[in-house]
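Colleague: First the structure, which I've put down as structure tokens, then a few questions once you've had a look.
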Amino acid sequence: MDIYGMGIESSCDETGVAILKNGKEIITNPLFSQIETHRLYGGVVPENASRMHLEKMPSMIKKAMADFHATAPDEKISYVAVTTRPGLVGSLLMGYNAALAISHLLDIPVIPIHHLEAHFYAAGIQSVMPEYPFLGLLLSGGNSSIFLVHGPGEIELAGDTFDDAAGEALDKAASLLGLSYPGGPSMEKKARDYRNAGEHLDAAKNPFPRILKSQPSDEFNFSFSGLKTSLLYLKQRNPDLATEEAAYFYQERIIEIIIRNVRNAVLHFGIKRVVAAGGVTANTFLREALEKLAAEIHARITVPPVSLCTDNGAMVAALGWHYYRMGNWSDIKKVSSAKEFI
């Protein structure tokens with residue numbers, strides 16, 4: 001019997017409402033991004049984000065339901081999964097209250113979802129999830145972490161960031177270089193321009209220090225605040241610093257620590273199944289480096305399609321399907337900014 005489920009995502013600055021069939025076939029996945037609204041401020045303004053979720057959520061749900069009835073007119077939705085942590089509390093409340101209303105109207109259960117865990121299950125949409133256990137690499141604006149994933153809800157932190165996350169480091173660098181928000185795509189474009197121009201790409205020319213160069217091979221942590229400071233000082237010493245060159249070598253340092261940590265984690269745990277997820281994994285330089293690493297260490301590294309790397313409702317619905325089939329999910333009835341898995 002086919003199972004249809006809805007996923008609602010509103011943890012930060014994307015409003016997503018998706019409906020999936022059997023946890024992997026997308027029926028509909030409307031998504032509204034607030035980037036243009038927040039670009040003026042160079043980052044997400046929580047109060048504005050909450051208001052925009054409130055404004056957009058009803059129309060997103062209406063569209064999702066219309067698409068669902070047009071595609072599967074004789075079917076019913078069995079569950080509504082919704083992100084409840086971590087995230088901006090005001091934004092989370094917009095999605096959670098919408099899920100409660102849908103649950104009441106359709107007489108279906110609400111499945112609370114941990115946002116970080118959901119990112120990994122984007123890899124199983126229109127594809128095959130790797131067997132458990134697998135290593136989960138999460139790279140976003142607020143997270144740079146490596147997890148051991150033993151099953152739905154069974155997640156163990158193996159490495160985390162000491163300060164900034166990779167996405168945050170890219171945003172801050174873009175601001176220092178006068179590039180547009182969000183920083184990731186802007187930095188990648190400048191780095192690509194530098195590479196495509198056939199400029200000198202020798203790693204020895206990189207003006208930025210290697211990140212955590214003395215970190216033992218059995219530790220898998222990240223730290224990007226020093227890299228940002230290094231760029232600031234470099235810019236002060238060289239006011240005419242070429243933006244393309246700075247973006248290329250700055251990005252290379254970020255990718256280097258990511259690849260080093262993934263390689264060391266695979267070798268340390270002996271697990272050759274990796275899911276890399278989060279908005280930063282949309283970066284084509286990083287995707288190329290992960291593909292090269294997979295061939296080098298004979299590992300399977302799965303990365304979701306670029307369209308599913310950033311926050312979306314489909315990943316929430318996908319993880320919700322796993323919990324629904326198990327008949328076991330959290331009974332937490334509140335939202336939270338806390339990242340901890342409970």
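The values are calculated or read from the model by the stated rules, or taken from the named source; none is laboratory data. Since the model is a prediction, treat every value here as computed from it, not as a measurement. Positions of Cβ are generated from backbone atoms using ideal geometry, with glycine treated the same way; all protein chains shown enter the neighbour counts.
Colleague: Would you confirm whether any residue within region 248-269 is assigned by TED's automatic domain parsing to the domain that holds N221, closer than 21 Å to L116 by Cβ, modelled with pLDDT of 95 or more and hydroxyl-bearing (S, T, Y)?
Modeller: There is no residue in region 248-269 that is assigned by TED's automatic domain parsing to the domain that holds N221, closer than 21 Å to L116 by Cβ, modelled with pLDDT of 95 or more and hydroxyl-bearing (S, T, Y).
Colleague: Scan region 321-331 residue by residue and report those that are under 23 Å from the mean Cα position of the chain (by Cα) and not in a helix (DSSP H, G or I).
Modeller: Once the filter is applied, which keeps residues that are under 23 Å from the mean Cα position of the chain (by Cα) and not in a helix (DSSP H, G or I), region 321-331 yields W329, S330.
Colleague: What number goes with the only condition from (1) in contact (Cβ under 8 Å) with a residue 12 or more places away in the chain; (2) of a type in the set (S, T, N, Q); (3) assigned to a helix (DSSP H, G or I) that T310 does not pass?
Modeller: (3)
Colleague: For the list (1) touching an Asp or Glu at 6+ places or on another chain (Cβ under 8 Å); (2) closer than 25 Å to A123 by Cα; (3) crowded, with 20+ Cβ neighbours inside 10 Å; (4) at pLDDT 95 or above, I need the number of the one condition that K190 fails.
Modeller: Exception for K190: condition (2).
Colleague: Still on this model: Return yes when Y96 is more than 16 Å from the chain's Cα centre (by Cα), at pLDDT 95 or above and more than 20 Å from N22 (Cβ to Cβ) and no when it is not.
Modeller: Against the criterion (more than 16 Å from the chain's Cα centre (by Cα), at pLDDT 95 or above and more than 20 Å from N22 (Cβ to Cβ)), Y96 qualifies.
Colleague: Output yes when any residue across region 15-33 is buried (at least 21 other Cβ atoms within 10 Å of the Cβ) and in contact with a His (Cβ under 6 Å, 6 or more places away or on another chain), and no when none is.
Modeller: Yes; the residues of region 15-33 include at least one that is buried (at least 21 other Cβ atoms within 10 Å of the Cβ) and in contact with a His (Cβ under 6 Å, 6 or more places away or on another chain).
Colleague: Which residue is surrounded by the most Cβ atoms within 10 Å (Cβ to Cβ), if the candidates are limited to region 223-281 and must be touching an Asp or Glu at 6+ places or on another chain (Cβ under 6 Å) and farther than 12 Å from A169 by Cα?
Modeller: So, considering only residues that are touching an Asp or Glu at 6+ places or on another chain (Cβ under 6 Å) and farther than 12 Å from A169 by Cα, the one surrounded by the most Cβ atoms within 10 Å (Cβ to Cβ) is E244.
Colleague: Show me the helices (runs of 4 or more DSSP H) entirely contained within region 112-228 in which 1 or more residues are under 18 Å from the mean Cα position of the chain (by Cα), within 23 Å of I35 (Cα to Cα) and in the same structural domain as M94 (by TED's automatic domain parsing).
Modeller: Passing ranges, in order: 115-121.
Colleague: Please state which of the following conditions I255 fails to meet, knowing it meets all the rest: (1) under 30 Å from F269 (Cα atoms); (2) of a type in the set (A, V, I, L, M); (3) not in a helix (DSSP H, G or I).
Modeller: (3)
Colleague: Another question about this same structure. Do you know which residues across region 291-307 are surrounded by fewer than 18 Cβ atoms within 10 Å (Cβ to Cβ), on the phi < 0 side of the Ramachandran plot and not in a strand (DSSP E or B)?
Modeller: Correct list: E291, K292, A295, E296, I297, P305, V306, S307.
Colleague: Does K205 satisfy the criteria of being of a type in the set (K, R) and under 17 Å from A191 (Cα atoms)?
Modeller: When the stated conditions are applied, K205 passes them.
Colleague: Could I ask something else about it? Given (1) touching a residue at least 24 places away in the same chain (Cβ under 8 Å); (2) over 29 Å from S11 (Cα atoms); (3) exposed (fewer than 15 other Cβ atoms within 10 Å of the Cβ), where does K334 come up short, assuming only one miss?
Modeller: The single condition K334 does not satisfy is (2).
Colleague: Inspect region 72-91 for any residue being surrounded by fewer than 21 Cβ atoms within 10 Å (Cβ to Cβ), in a helix (DSSP H, G or I) and either on the phi < 0 side of the Ramachandran plot or in contact with a helix residue (DSSP H, G or I) (Cβ under 9 Å, 6 or more places away or on another chain) (or both) and give the result as yes or no.
Modeller: yes
Colleague: While we're on this one: Go through region 116-172 and report how many residues are crowded, with 20+ Cβ neighbours inside 10 Å, within 28 Å of N22 (Cβ to Cβ) and small (G, A, S).
Modeller: Final tally of qualifying residues: 6.
Colleague: Can you tell me which of (1) more than 24 Å from G124 (Cβ to Cβ); (2) hydrophobic (A, V, I, L, M, F, W, C); (3) touching a His at 6+ places or on another chain (Cβ under 7 Å) is the one I257 doesn't meet?
Modeller: Of (1) more than 24 Å from G124 (Cβ to Cβ); (2) hydrophobic (A, V, I, L, M, F, W, C); (3) touching a His at 6+ places or on another chain (Cβ under 7 Å), only one is false for I257: (3).
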